[in-house]
Amino acid sequence: MSLKDLGDVSYFRLNNEINRPVDGQIPLNKDKEALEAFFKENVLPNSMAFDSITDKIKFLVENDYIESEFIAKYKPEFIESLAKDLQAADFHFQSFMAAYKFYQQYALKTNDGEAYLESIEDRVLFNALYFADGNEDLAQDLAREMIAQRYQPATPSFLNAGRSRRGELVSCFLIQVTDDMNAIGRSINSALQLSRIGGGVGISLSNLREAGAPIKGYAGAASGVVPIMKLFEDSFSYSNQLGQRQGAGVVYLDVFHPDILNFLSTKKENADEKVRVKTLSLGVTVPDKFYELARKNEDMYLFSPYTVEKEYGLPYNYINITEKYDELVANPNITKTKISARELETEISKLQQESGYPYIVNVDTANRSNPIDGKIVMSNLCSEILQVQKPSLINDAQEFVKMGTDISCNLGSTNIVNMMASPDFGRSIKAITRALTFVTDSSNIEAVPTIKNGNAQAHTFGLGAMGLHSFLARNHIEYGSPESIEFTDIYFMLMNYWTLVESNNIARERGESFVGFEKSKYADGTYFDKYVTGQFQPKSAKVKELFAKHFIPQAKDWEALRQAVMKDGLYHQNRLAVAPNGSISYINDVSASIHPIIQRIEERQEKKIGKIYYPASGLSTDTIPYYTSAYDMDMRKVIDVYAAATQHVDQGLSLTLFMRSELPQGLYEWKTENKQTTRDLSILRNYAFNKGIKSIYYVRTFTDNGDEVGANQCESCVI
């Protein structure tokens, strides 16, 4: 049967029967039947057979499906042995959705799309060989981690590793624009180039002068940020990866920028078509001072980036608004306008209700916990990447007088369910760190020199996690309970510890640290102050039991690590970031990221074939009570869980707020009626700020008619 001809198959019908209760029970057996039917009717008859992995590789290389260079780094007998080890692991997909997603999205197919050329064992094999770069021991470790689904590379890495005709291995990019036409023009070209190679792009517009600002002394000449937003949106629409996928971008603006109200209005449903942006995402950077002014119900001043840069000699992004606020207000050379802070807060909440935007970056919170010299000024399409950037200076010939540093997102994720079953947690994380190091070392974005420069200096990656709710439910722990918060705290502490250990090992081996290490809090040892107290230990009986087989570093271990890092450095500037996860959580058969599930039986609309139903991982009579939907959960519980992880994550976490237009009665004690209001969102944003949350991604609202507002996550965004 042709892959293009789905025809009369039984697996979709069987999968759909999950949604039809039998005697009041969910027929979960139908998903297993659908999985078996999918292999019998689709995978096995459409998979090209070979006598050996050597024969398969020979065919794939000769027909330009995979590269020969990474294969040539290994002896054929080693590859044969590793392939046999992978087969001996006896991997089985645990759900129909997992298998369907892998074969539709990741498995290599013939050029005509008529046959599969890879199994998951083959894709894991090629990933392991590619990322190990000729190191047989590392290749074995990586193959073991991936086939056990303890580690899952991000989609661009997992999909493209080893392929001849491939895209980049990285997930997304961040660039900032400075206040001159050369920088604006260069940034639009950068957006085109980055969208062409398949990455979602984050752009900071906060440095740009506001509408009505002077240009070369002519008052009222500047058009502000909105027309530039339209240019970026058109760029992403045009550069759409051969028509296969819409380009995707997010623009960030500081909340004290004079164009902030116009910026927000571009996403309103009733906005004039001349200014409305349909596909571009919006994000707002929010300093501490805004929360203070809104809480006190005071007026706030918006400051002209043009006059700020003229007065201080720095782009607007590099002025600490909270610290300089009173000084800026008092300075007659700074052009400013006054609005109500509380009214702006309400406008943000209204737009989040209506569209899910804007994303929020608590920029002072991010910088307070940032151990790196420099300033974080923005984030990416999913709001989890938080790294320092330096601005560029470009002349009229579009040449760099001063090369700045921008960011590429080199991502991967641990699977919490399987990592907790790892025979050696530390060894697993060490192998994963090596794989992600290869991604950052081999990422070379020539088209955008600032990103190439930033990546070459920082060697950053973002290792995250998925499957938290799955793990908690399987262990009969309520999401948001004290035990769940304690577990999350210890898990992310371990990820932090072991990535630091391995980054230090790599720095020692190579005799190289990231640029600027000597000015970091790692170099002077202060980063480790909270860890050498020994406070991060399991305390409750339940969490002690869960971590009983795992090494938990004591104060003396952290002190030894501090001394090693101060002596030999770290190779990576940044190591941890929790992305939202997309297809990779399905093929791992766990809940996405570390947020709660949306539905016990999730309904997915797939192109061409209709609906697919995905039961929550490990769903059973025993676990149903622990699988509360995010839409029926107090969002403060979710924020509490994210806050526990945040204290160990050097970048950010993609936190989504899930709301209902009609909130369940009694869910929030401050409510007198169950209708969602702008006040509810304001309260939650302030709660998140006070809990130390660095960023908030979408606000997704489930409406009375069953629609989800803010649910249109772009494919470039999820990893």
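Overview of results
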| read-out | value |
| --- | --- |
| Matching option when the condition is closer than 13 Å to VAL255 by Cβ, among the β-branched types (Val, Ile, Thr) and crowded, with 16+ Cβ neighbours inside 10 Å, among ILE334, ILE321, ILE372 | ILE321 |
| Residues located in segment 290-322, provided they are basic (Lys, Arg) and either in contact with a Cys (Cβ under 8 Å, 6 or more places away or on another chain) or in contact (Cβ under 8 Å) with a residue 60 or more places away in the chain (or both) | ARG295 |
| Which listed residue is open to solvent by less than 40 Å² (accessible area, probe 1.4 Å), of a type in the set (D, E, K, R) and in a helix (DSSP H, G or I), from GLU509, GLU502 | GLU502 |
| Pair list, Cβ < 8 Å and 6+ apart or interchain, from segment 468-489 residues that are assigned to a helix (DSSP H, G or I) and of a type outside the set (Val, Ile, Thr) to residues that are open to solvent by 50 Å² or more (accessible area, probe 1.4 Å) and at pLDDT 95 or above | LEU472/GLU478; LEU472/TYR626; ALA473/TYR626; GLU483/LYS542; SER484/GLU478; GLU486/LYS539; ASP489/GLN647 |
| Qualifying residues in segment 436-457 (those that are in a helix (DSSP H, G or I) and touching a strand residue (DSSP E or B) at 6+ places or on another chain (Cβ under 7 Å)) - the one surrounded by the fewest Cβ atoms within 10 Å (Cβ to Cβ) | GLN457 |
| Condition met for LYS611 (modelled with pLDDT of 95 or more and closer than 24 Å to HIS469 by Cβ) | no |
| Residue pairs meeting the criteria (Cβ under 7 Å; at least 6 apart or on separate chains; first within 11 Å of ASN410 (Cβ to Cβ), in segment 420-446; second open to solvent by 60 Å² or more (accessible area, probe 1.4 Å) and not β-branched (Val, Ile, Thr)) | PHE438/ASP133 |
| Within segment 399-424, considering residues that are open to solvent by less than 10 Å² (accessible area, probe 1.4 Å) and not small (Gly, Ala, Ser), the one farthest from the chain's Cα centre (by Cα) | MET419 |
| Candidate set from segment 384-398 (those that are open to solvent by 30 Å² or more (accessible area, probe 1.4 Å) and aliphatic (A, V, I, L, M)); member that is farthest from GLY200 (Cα to Cα) | ALA397 |
| Residue that is least open to solvent (accessible area, probe 1.4 Å), among those in segment 614-626 that are more than 22 Å from GLY464 (Cβ to Cβ) and outside any loop (DSSP other than H, G, I, E, B) | PRO615 |
| Residue within segment 586-605 that is part of a helix (DSSP H, G or I) and of a type in the set (Gly, Ala, Ser) present | no |
| Yes/no for GLY534 being over 30 Å from CYS172 (Cβ atoms), free of Cβ contacts under 8 Å to residues at least 40 places away in the same chain, open to solvent by 30 Å² or more (accessible area, probe 1.4 Å) and over 22 Å from the mean Cα position of the chain (by Cα) | no |
| Test for SER187: is it modelled with pLDDT of 90 or more, crowded, with 24+ Cβ neighbours inside 10 Å, part of a helix (DSSP H, G or I) and of a type in the set (Gly, Ala, Ser) | yes |
| Test: residue in segment 681-697 that is assigned to a loop (DSSP other than H, G, I, E, B), at positive phi and open to solvent by 30 Å² or more (accessible area, probe 1.4 Å) | no |
| Residue count for segment 250-288, restricted to those that are in contact (Cβ under 8 Å) with a residue 40 or more places away in the chain, over 26 Å from the mean Cα position of the chain (by Cα) and open to solvent by 10 Å² or more (accessible area, probe 1.4 Å) | 5 |
| Residues within segment 213-239 that are closer than 21 Å to LEU314 by Cα, among the small types (Gly, Ala, Ser) and in contact (Cβ under 8 Å) with a residue 40 or more places away in the chain, tallied | 2 |
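The values are calculated or read from the model by the stated rules, or taken from the named source; none is laboratory data. Being a predicted model, the structure only gives us computed values, none of them experimental. Please note: Cβ atoms are built from the backbone with ideal geometry, for glycine as well, and neighbour counts cover all protein chains shown. Please note that ligands, DNA and RNA were not included when accessible areas were found on the heavy atoms of the full protein model with its side chains. Shrake-Rupley method; radii C 1.70, N 1.55, O 1.52, S 1.80 Å.
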